[in-house]
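Each value in this text was obtained by applying a stated rule to the coordinates, not by laboratory testing. Since the structure is predicted, the reported quantities are computational estimates derived from the model, not experimental observations. With ideal geometry, Cβ positions are generated from the backbone for all residues, glycine too; neighbour counts draw on all protein chains shown.
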Amino acid sequence: MTRPSGRLALAVSAGCVSVLLTGCMAASSSDSGASPSAVTRTVTVTQVITSTAPAPAPTDATSPSGSVEWTFTAPADSAVRHTKSLLATLPVKGRAPKTGYDRREFGVRWSDDVTVQSGHNGCDTRNDILRRDLTGITLKPDTHGCVVLTGTLADPYTRQQISFQRGVGTSNAIQIDHVVALSDAWQKGAQQLSPEQRQDLANDPRNLLAVSGRANAQKRDGDAATWLPKNKSYRCTYVGKQVAVKSAYHLWVTKAEKAAITRVLDSCS
């Protein structure tokens with residue numbers, strides 16, 4: 001199997017962190033009995049996090065090539081410093097009681113009625129993220145280009161290549177993760193947000209990633225002190241997203257969480 005190469009670059013502009021992931025993946029088709037010649041896929045994912053702002057048990061349906069490996073360069077030192085400076089502004093407190101938490105406190109699931117990016121575009125948030133994060137997608141006819149039927153994900157949490165097929169028993173192979181889990185947000189300041197702000201948080205593309213359903217189930221509502229992606233090369237980007245989202249929505253971190261994020265950031269340069 002040919003090992004691909006890729007790069008992860010974080011660039012900082014006024015008030016934002018940009019994340020650009022580019023990688024070429026080559027997978028052997030020998031598992032299916034075909035010739036050993038490589039099948040090459042090219043994946044490009046672009047995500048932007050601004051630092052200011054207003055299910056059934058899943059199974060992974062990986063492609064025959066199984067686990068896909070690629071390499072990343074470390075984030076730019078300026079991006080790491082920016083994230084550390086944002087982290088320093090976050091209040092450090094203990095978790096508030098989970099009393100009163102309910103998913104419905106964050107509004108209608110995958111609502112398009114939000115003021116964040118892609119709001120009021122006529123498509124639900126889940127399909128917005130699938131269209132953004134998957135490659136080689138096919139769309140359901142007569143849905144105004146909204147509903148994703150099939151596609152392929154280069155999963156940032158596990159480095160697997162996962163095939164997506166819409167349907168009962170298959171859709172959950174790829175799930176949409178809240179990078180800052182809603183339960184975690186509830187215990188760290190979201191109780192004080194307005195219902196509209198909480199619905200924005202739950203549907204904000206800056207806080208959402210298409211990922212392995214199994215990895216998402218393992219994470220549950222963990223913060224950086226209790227869960228980090230298995231893919232160590234994505235951890236710098238992952239905690240950077242968490243810090244930026246918590247800053248944007250005026251949430252806090254625990255002492256253990258801040259220490260865990262700092263350890264990751266110290267390893268990034």
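As a quick test, which of the pairs LYS84/LYS241; LYS84/LYS219; LYS232/LYS255 have an alpha carbon distance above 18 angstrom in this structure?
Working: LYS84/LYS241 12 Å; LYS84/LYS219 24 Å; LYS232/LYS255 22 Å.
Going by Cα-Cα distance, LYS84/LYS219; LYS232/LYS255 fall outside the 18 Å limit.
For THR143, THR237, THR150, what ranking results if the residue with the fewest other Cβ atoms within 10 Å of its Cβ goes first?
Working: THR143 13, THR237 27, THR150 16.
In order of increasing Cβ crowding within 10 Å: THR143, THR150, THR237.
Arrange the following residues from fewest to most other Cβ atoms within 10 Å of their Cβ: ILE137, ILE174, ILE129.
Result, fewest neighbours first: ILE137, ILE129, ILE174.
Compute the distance from the alpha-carbon center of region 133-150 to that of region 163-185, in whole Å.
16 Å
Starting with the fewest neighbours, write out CYS236, CYS146 ranked by other beta-carbon atoms found within 10 Å of each beta-carbon. Please list the in-between numbers first.
Details: CYS236 23, CYS146 18.
Lowest to highest Cβ neighbour count: CYS146, CYS236.
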